[in-house]
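Beneath this line is the structure, given in structure tokens, with notes to follow.
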Amino acid sequence: MTKIIDGKEVAAVMRAEIAAEVAQMVAEGKRAPYLVAVLVGNDGASEAYVGNKEKMCGEVGFGSQVRRFPDTITEQELLDEIARLNADEAVDGFIVQLPLPKHISEDRVIEAIDPRKDVDGFHPENTGRMIGGLPAYIPATPDGILSLLKYYDIETSGKHCVVIGRSNIVGRPIANLLSQKGWDCTVTICHSRTHDLAGVVRTGDIVIAALGKPEFVTADMVKEGAVVIDVGITRVPSAETKSGWRLAGDVKFGEVAPRCSYITPVPGGVGPMTIISLMRNTLRAAKREVYK
Ligand code: NAD
């Protein structure tokens, strides 16, 4: 029997835990955690992501602010803003919503963020700490996937995990984390140059699809009984919705699900976990849990 992993349920449990902790902090006279999102330009998807993060801040009792800048902002002006946020003691953590306009180096911007406030976990110092198994801010999507595996008590030790995609924000960190002690997977990373990708994916006890190609993973690529985690979210045209589009994952859910022991749907799987994991990182920042 296939079990559908309910990311909304797990996120709701975590949301209640975080909100209770914030209420306790406030009752003790402490300041509520404070998250700032920096938004450059007016890309529709980025607006939606930042809007959802701000809404979730309200739900868990955090203070929050979105700082908006036109896409004509220079790199130096953005770096100056980051320096101000680094120095602002009222701000526990902040994120710079990606992508940035072409004339701004994302690498330089990420490296300018104080690692202690880097709640997205994209700064190389946090990446290094994560790989070394030290306390670190772990990027929200991989962290969310780990929370799902833990909540459903899915066995990972000794399992072969095949990750499709090697981005810095999903594929590489989740592959690294699952290979670490405690998770103990044997991990293979596949990417656009992998030979016989379908054959490799078929050997996976756990398959994590994070390539951004709608319905790429089909039933013939998945071993009977596998755990399938679908990270992809792409808008595809649809005649069945008023908006004219729907969200599609990287997995052809209808035909893959019957073969799986566990599978995440899109939407409602990994997506809700990403935002709540960012909230947890912000709480950890406010409590100085990662950097003392
Ligand atoms: P990305 O474009 O940065 O990386 C995609 C990776 O997939 C690359 O490493 C590339 O080598 C690999 N790839 C591309 N085509 C391939 C192919 N044909 N075969 C094998 N590998 C291939 O993307 P990303 O930022 O990692 O995001 C991946 C998907 O996950 C996107 O759909 C994105 O929207 C989604 N996403 C969802 C969440 C969430 O909260 N659920 C968070 C982040 C990203």
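The values are calculated or read from the model by the stated rules, or taken from the named source; none is laboratory data. This structure is a prediction, so every number in the text was calculated from the model and none was measured. Quick reminder, even Gly has a Cβ in these numbers, built from the backbone with ideal geometry, and neighbours come from all protein chains shown.
Hey, any hits in the range 35-47 for a residue that's among the hydrophobic types (A, V, I, L, M, F, W, C) and assigned to a helix (DSSP H, G or I)? Taking every residue of the range 35-47 in turn, at least one turns out to be among the hydrophobic types (A, V, I, L, M, F, W, C) and assigned to a helix (DSSP H, G or I).
Selection over the range 76-107 of residues that are within 19 Å of the chain's Cα centre (by Cα), touching a residue at least 40 places away in the same chain (Cβ under 8 Å) and not in a loop (DSSP other than H, G, I, E, B) gives a count of 4. Of the residues Lys181, Lys159, the single one that is away from the ligand (no atom under 13 Å from the Cβ) and surrounded by 17 or more Cβ atoms within 10 Å (Cβ to Cβ) is Lys159.
Just one of the listed residues (Gly144, Gly132, Gly158) is at pLDDT 95 or above and closer than 23 Å to Arg202 by Cα, and it is Gly158. Ser243 passes all but one of (1) more than 11 Å from the ligand (Cβ to nearest atom); (2) closer than 24 Å to Lys150 by Cα; which number fails? Of (1) more than 11 Å from the ligand (Cβ to nearest atom); (2) closer than 24 Å to Lys150 by Cα, only one is false for Ser243: (2). In the range 251-292, of all residues being part of a loop (DSSP other than H, G, I, E, B) and over 11 Å from Asp230 (Cα atoms), the one that is nearest to the ligand (Cβ to nearest atom) corresponds to Cys260.
Would you pick out the residues in the range 163-202 that are within 17 Å of Thr141 (Cα to Cα), of a type in the set (Gly, Ala, Ser) and touching a helix residue (DSSP H, G or I) at 6+ places or on another chain (Cβ under 6 Å)? Within the range 163-202, Gly165 is the sole residue that qualifies. Residue count for the range 70-99 under the criterion of being of a type outside the set (S, T, N, Q) and surrounded by 15 or more Cβ atoms within 10 Å (Cβ to Cβ): the result is 14. Of the set (1) within 13 Å of the ligand (Cβ to nearest atom); (2) buried (at least 19 other Cβ atoms within 10 Å of the Cβ), all apply to Arg166 but (2).
Contact map, the range 218-245: first residue under 30 Å from Cys185 (Cβ atoms) and in contact (Cβ under 8 Å) with a residue 60 or more places away in the chain, second residue crowded, with 18+ Cβ neighbours inside 10 Å and aromatic (Phe, Trp, Tyr), Cβ cut-off under 8 Å, separation 6 or more or different chains; pairs are Val227/Tyr262.
Condition first: more than 10 Å from the ligand (Cβ to nearest atom), surrounded by 23 or more Cβ atoms within 10 Å (Cβ to Cβ), over 14 Å from the mean Cα position of the chain (by Cα) and modelled with pLDDT of 95 or more. Can you find one or more residues in the range 186-193 that meet it? Looking for residues that are more than 10 Å from the ligand (Cβ to nearest atom), surrounded by 23 or more Cβ atoms within 10 Å (Cβ to Cβ), over 14 Å from the mean Cα position of the chain (by Cα) and modelled with pLDDT of 95 or more, one finds none in the range 186-193, hence no. Note on the range 196-219: residues that are of a type outside the set (Gly, Ala, Ser), part of a loop (DSSP other than H, G, I, E, B) and within 11 Å of the ligand (Cβ to nearest atom) amount to 4. Output yes when any residue across the range 138-148 is under 15 Å from Val228 (Cα atoms), outside any strand (DSSP E or B), touching a strand residue (DSSP E or B) at 6+ places or on another chain (Cβ under 9 Å) and more than 16 Å from the ligand (Cβ to nearest atom), and no when none is. The answer is no, given that none of the residues of the range 138-148 is under 15 Å from Val228 (Cα atoms), outside any strand (DSSP E or B), touching a strand residue (DSSP E or B) at 6+ places or on another chain (Cβ under 9 Å) and more than 16 Å from the ligand (Cβ to nearest atom).
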